[in-house]
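S.K.: Let me give you the structure first, and then I'll get to my questions.
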Amino acid sequence: MKCTAIIVIFALIAGMASAAADSIEPRSLTWNIVSDQEMSRLCRRHGQTPGCAGLAAWDEEFQSCIIWTRSPRDADDLQRWRLIHHELRHCQQGAYHS
């Protein structure tokens with residue numbers, strides 16, 4: 001699962017790069033797959049509604065983008081794969097949640 005997720009992430013990033021008109025700054029990325037309870041806790045901690053589906057934030061200490069989402073249920077779970085793409089765009093554009 002982890003290897004598949006990494007491959008999908010690189011494919012999404014490559015797709016974003018080809019479609020994006022703006023330049024992409026080199027960034028490290030950490031993707032955390034969390035439980036519903038942990039996602040709600042993180043949402044509140046970052047000033048979002050407890051039901052938010054994902055977050056992207058900048059870690060100043062490690063100069064890295066961190067993404068939190070729930071796991072896609074399977075390879076065809078387009079809603080959650082689109083969410084991951086949405087959070088990757090935050091990383092690409094430097095527009096992070098607080």
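S.K.: So, in region 40-69, how many residues would count as being touching a Pro at 6+ places or on another chain (Cβ under 6 Å) and surrounded by 19 or more Cβ atoms within 10 Å (Cβ to Cβ)?
M.R.: Qualifying residue count for the region: 1.
S.K.: Out of Asp74, Asp59, report the one residue that is farther than 13 Å from Arg27 by Cβ and either touching a strand residue (DSSP E or B) at 6+ places or on another chain (Cβ under 7 Å) or without any contact (Cβ under 8 Å) to a residue 24 or more places away in the chain (or both).
M.R.: Within the list Asp74, Asp59, the selection yields Asp74.
Where a number appears in this text, it was derived from the coordinates with a stated rule and is not lab data. Please read all numbers here as calculations on a predicted model, not as lab measurements. Because the Cβ atoms are built from the backbone with ideal geometry, glycine has one as well, and the counts that use them run over all protein chains shown.
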